[in-house]
1. Which length gain, in nm to one decimal place, applies between Glu140 and Asp34 when the Cα-Cα distance is subtracted from 0.36 nm times their residue separation?
2. Sort Asp113, Asp73, Asp108, Asp27 so that the residue with the fewest other Cβ atoms within 10 Å of its own Cβ comes first and the one with the most comes last.
3. Run the simple label-point estimate for Ala105 and Gln126 please: 7 Å along Cα→C-beta, distance reported in nm.
Amino acid sequence: MCHNLSESMMGFGTIDDETLLLVYFLDKNFTILDQWQSKYIPFSEEKDMFYINDTIDIPRATDALLAVLIEQDTERDENTLEQLTRQHIVWEKLPFINKLQMQSALKDDDYLDAYFLKKEDFSTTQQLDFWGMQLFDEFEYALNIQFHFN
């Protein structure tokens, strides 16, 4: 659910957000065990809820997960944005993510926020709250994800 679009920008934005959710499953050393990504999720003032009907299986050795929310402003596809994100996260420094470095790497696409979750905090249904400021505009997303444990 989107409570506040990042593109509303006081009348100057497109009023639509095309967001990409990336989820990385990490072991205790923050090595990526597996990864899941959405297709672009379109949000607008008229459509502030979007359902992803996809099963996300968590690998047994998962000790943590990192969910990253990106807003697409260019013509890059989902896989290109995922690769850029993967290359520019300093995995050994998690849960800290250098937002300026991420934004610089994504250029005209927007790094919105990330959510880090340790294994002991996992539940089958998890609400991930992403919020912050992108340029001059506030955004807020509440994503409910249902996980299936292997």
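Bear in mind that the values in this text are calculations on the coordinates, not laboratory data. None of these values were measured; they are calculated from a predicted model. Note: ideal-geometry Cβ built from the backbone for every residue, glycine included; neighbour counts use all protein chains shown.
1. Result: 35.5 nm gained on full extension.
2. Fewest-to-most Cβ neighbours within 10 Å comes out as Asp108, Asp27, Asp73, Asp113.
3. About 2.0 nm, to one decimal.
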